[in-house]
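Below: one structure, written as structure tokens.
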Amino acid sequence: MAEIVVFASGTGSNFEAIVHGLSGTPHMVACLITDNPNAPAVDRAKRLGVPHRIIPYGKPRIEAETRIRAALEPYRPTLIVLAGFMRLLSPGFVDSFPDRILNIHPSLLPRHPGLNAIRGSYESSDEDAGITIHIVDHGVDTGPILFQKSFKKSECHDFEEFEDRIHTLEHTWFPVVINDYLAKIEEPVHRR
Ligand code: GAR
């Protein structure tokens, strides 16, 4: 059985999809960590009975990361999952959890990294769009790609339909990819 800690900054729909998607597996979401006290993700955590920690960011970010490390201590998570976590983790933090941090991004990376990826993808001349799930490295939405799913943009009539399509793919596939990845790794996270 693996314990997962999810980091999220906003709506938390992927967080909720992961909680539901892993029920019935040996794995569980042990905690939600957010940098945003007003994140709807917090309400979801309360409703779902998942413990949460609110850790606001100031400067330097390393102070927030020190608090995050302390918050992770009771859980010894096998995996950290970034589900709409809009902070860049420091290289030192990422290196403390080698190959144990996953991120989801709403585009076919390396196209449209960073903020507003759904809008950027929709307004681009690309014929296809989709989602990417990858291992986190030191960059912004970079790192080894584990999974991508695409569709033809011409199948969507407007931006709302396009956005819905992206989110539906995320909610469907993120729990599956997490479960598959957990099957490949066994040991608790190594901390330096
Ligand atoms: C998701 O679309 C996720 O792919 C994106 O934030 C959204 C969070 O939605 N992440 C990024 O853009 C990371 N660069 P949610 O809070 O409803 O899960």
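Details
- Using alpha-carbon coordinates, inclination of helix 13-22 to the longest axis of the chain, degrees: 70 degrees
- Look at His20, His112 and count the other Cβ atoms within 10 Å of each Cβ; fewest to most, that gives His20, His112.
- Ranked Ser96, Ser23, criterion: other C-beta atoms within 10 Å, fewest first: Ser23, Ser96
- Size of charge dipole - region 81-192 - debye, nearest 20, with Cβ of Lys, Arg +1 and Asp, Glu -1, no other charges: 440 debye
- Value of D in µm² per second that Stokes-Einstein yields for region 85-192, Kirkwood Rh from Cα pairs, at 25 °C (0.890 mPa s): 166 µm²/s
- Cα gyration tensor shape of region 110-156, rounded if a/c is under 1.5, else prolate or oblate by comparing a/b with b/c: oblate
- Of Glu16, Glu163, Glu73, the one that fluctuates the most in a GNM where the chain has Cα springs shorter than 10 Å: Glu73
- Contact order for the chain, expressed relative to its length and based on alpha carbon pairs under 8 Å spaced 6+ residues apart, stands at 21 percent.
- The angle between the Cα long axis of helix 61-72 and the main principal axis of the chain comes to about 70°, on a 0 to 90 degree scale.
- Karplus 3J(HN,Hα) series, Hz, for region 25-30 with 6.51 cos²θ - 1.76 cosθ + 1.60 (x for Gly, Pro): 10, x, 9, 8, 7, 7
- Among 59-67, 116-124, the order from most to least packed when residues are scored by Cβ within 10 Å on average: 116-124, 59-67
- Rounded to the nearest 20, the size of the Cβ-charge dipole of the chain about its Cα centre is 740 debye, with Lys and Arg at +1 and Asp and Glu at -1.
- Magnitude of the charge dipole, region 1-102, Cβ model with Lys/Arg +1 and Asp/Glu -1, debye to 20: 200 debye
- Segment Thr172-Thr66, length gained on full extension (0.36 nm per residue, minus Cα span): 34.9 nm
- Rounded to the nearest 10 degrees, the angle from helix 159-184 to the longest Cα principal axis of the chain is 40 degrees.
Each value in this text was obtained by applying a stated rule to the coordinates, not by laboratory testing. Just so you know, these numbers come straight off a predicted model, no measurement behind them. All Cβ positions, glycine included, derive from the backbone under ideal geometry; neighbour counts span all protein chains shown.
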